[in-house]
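Written out below as structure tokens is the structure these notes cover.
What follows is calculated from the coordinates using simple rules that are stated; it is not laboratory data. For clarity, every value in this text was computed on a predicted model and none was experimentally measured. For neighbour counting, all protein chains shown are included, and Cβ atoms are generated from backbone atoms with ideal geometry for every residue, glycine included.
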Amino acid sequence: MALIKSISGIRGTIGGRVGEGLNPLDTVKFVSAYASFIKENVKNGSNSIIVGRDARISGKMMEQLVVGTLMGMGFDVVNIGLATTPTTELAVTMENACGGIILTASHNPRQWNALKLLNEKGEFLNAEEGETVLRLAESEDFNYANVDHLGRITEKDYTDKHIKAVLDLALVDIDAIRKADFEVSIDCVNSVGGIVLPKLLKALGVNKVNELYCTPNGEFPHNPEPLSEHLKDISDMMKTTSSDVGFVVDPDVDRLAIICENGEMFGEEYTLVAVADYVLKHTPGNTVSNLSSSRALRDITEKYGCKYNAAAVGEVNVTTKMKETGAVIGGEGNGGIIYPASHYGRDALVGIALFLTHLANEKKKVSKIRASYPQYFIAKQKVELTPNIDVDAILKTVKEKYSQYDVMDIDGVKIDFPDKWVHLRKSNTEPIIRVYSEAHTMQEAEEIGGQVMEVIKQLAK
């Protein structure tokens with residue numbers, strides 16, 4: 001059993017002894033801590049907290065624990081039930097709530113669930129706020145409401161409101177999409193995407209939709225992370241239908257993978273690149289992604305005469321940098337689109353609507369659009385160390401060794417070579433250094449990553 005407590009939320013496998021998994025007692029403790037934090041720090045005049053969940057098997061149990069605990073802390077709950085992560089984020093602002101909790105372990109397998117914690121803006125808590133919640137949980141110093149001040153519960157469905165918000169975006173051209181008469185295939189991994197994607201596509205004027213795994217029962221038919229090695233079924237579907245494009249989402253629908261008409265992967269790193277290309281063409285401005293995301297976004301941004309900025313890994317770090325730089329589009333290389341004209345959160349619905357508009361305007365096959373972007377490959381490796389090794393000291397020495405290059409240390413160490421890069425990050429849970437590297441070929445990416453790994457190994461002796 002596993003329980004991971006981090007600033008971004010509480011994630012764990014269901015069951016086990018207290019402190020070893022995400023069980024009922026731990027769930028109540030962390031929700032109580034979050035409610036205590038909101039009570040002390042959010043003063044927007046609201047007493048409501050939004051609760052939404054993906055379709056995983058443990059969702060209903062977690063929902064009842066979370067809703068009951070919030071009511072016990074004196075908060076009114078707006079339970080939006082089965083809902084995507086971005087839907088829950090939008091519901092916080094639409095309801096003028098003081099916070100929100102999303103019950104989802106994102107791309108993790110079926111035995112996992114998590115509490116993702118939102119502020120009154122429908123955005124994830126920052127590092128300082130997350131640390132405060134963890135400290136409150138450890139103290140277990142909670143003040144529950146008496147019987148006359150228990151919270152109330154209201155149930156609402158926000159899926160249609162989310163879809164309408166997407167349709168209302170200025171850069172979403174429903175007429176162009178309808179006229180293109182697309183055939184689209186989708187894989188929703190038997191979670192909430194199976195509820196919202198068919199409705200979204202119909203609202204966008206797509207009448208031919210091939211649905212794969214759209215029953216929201218939490219029985220994931222394959223590894224739910226939308227990576228190429230897990231997507232053989234939809235790839236085969238693309239080859240046996242006349243689909244123009246395929247879309248795959250993770251269980252909470254904040255990540256988007258695109259499949260070309262020939263069944264080949266568009267590439268998770270290029271979801272953001274393609275959507276940014278369309279957005280920048282019509283609304284030039286700055287862009288942001290995290291340090292481990294493809295350089296292709298920087299290349300596309302500079303093509304339009306705009307400025308790219310890198311942020312530390314983590315959605316809240318990306319959104320903070322986007323606000324600082326006034327970015328018009330940003331996100332992460334895992335297929336996460338953050339479009340401020342909608343809201344500051346990764347949103348696959350927004351990504352689908354903008355990409356389909358882009359596809360309709362370009363009048364090209366998806367594979368041709370993909371081929372038009374700079375070609376990069378990312379290699380992901382790691383160096384295992386003994387527990388007594390000072391990882392921070394090693395990273396500092398590596399930074400000094402490569403100081404003739406552009407080096408960033410806001411999140412580990414990233415060495416930016418003229419035509420490639422290497423990003424080193426320390427694991428928070430085990431004695432390893434993760435080594436991500438990117439170049440124009442996979443061989444080059446693995447070689448430059450390997451060279452830096454050898455330096456680390458020498459320093460660790």
Checklist outcome for this item: Distance in nm between residue 372 and residue 96 label points, each 7 Å along Cα→Cβ, equals 4.4 nm
Checklist outcome for this item: Plugging the Cβ-Cβ distance of residue 365 and residue 57 into 1/(1 + (r/R0)^6) at R0 = 51 Å yields, to the nearest 0.05, a FRET efficiency of 0.85
Checklist entry - Remind me, relative contact order of the range 33-124 in percent, using alpha carbon pairs under 8 angstrom and six or more residues apart? => result 34 percent
Item to check | Dimensions in Å of the range 336-427 - Rg and Dmax from alpha carbons | outcome: 19.3, 57
Checklist entry - So what are the three principal axis dimensions of the range 50-175 from its Cα atoms, in whole Å, longest to shortest? => result 55, 36, 31
Checklist outcome for this item: Length gained, residue 388-residue 304, 0.36 nm per residue minus C-alpha separation, equals 25.4 nm
Checklist outcome for this item: Surpassing 31 Å at the alpha-carbon level, of the pairs 43/281; 368/420; 164/323, are 43/281
Checklist entry - Ranking 154, 84, 159 by Cβ neighbours within 10 Å, fewest first, what do you get? => result 154, 159, 84
Item to check | Kirkwood-based shape ratio for the range 1-123, expressed as Rg/Rh from alpha carbons | outcome: 0.94
Checklist outcome for this item: Result row for the chain, helices from DSSP H with C-alpha axial extent 24 Å or more and mean Kyte hydropathy at least 0.0, is 24-41
Item to check | Relative contact order (%) - the range 244-313, alpha-carbon pairs under 8 angstrom, separation at least six | outcome: 23 percent
Item to check | Extension gain from residue 146 to residue 199, taking 0.36 nm per residue of separation minus the Cα-Cα distance | outcome: 14.8 nm
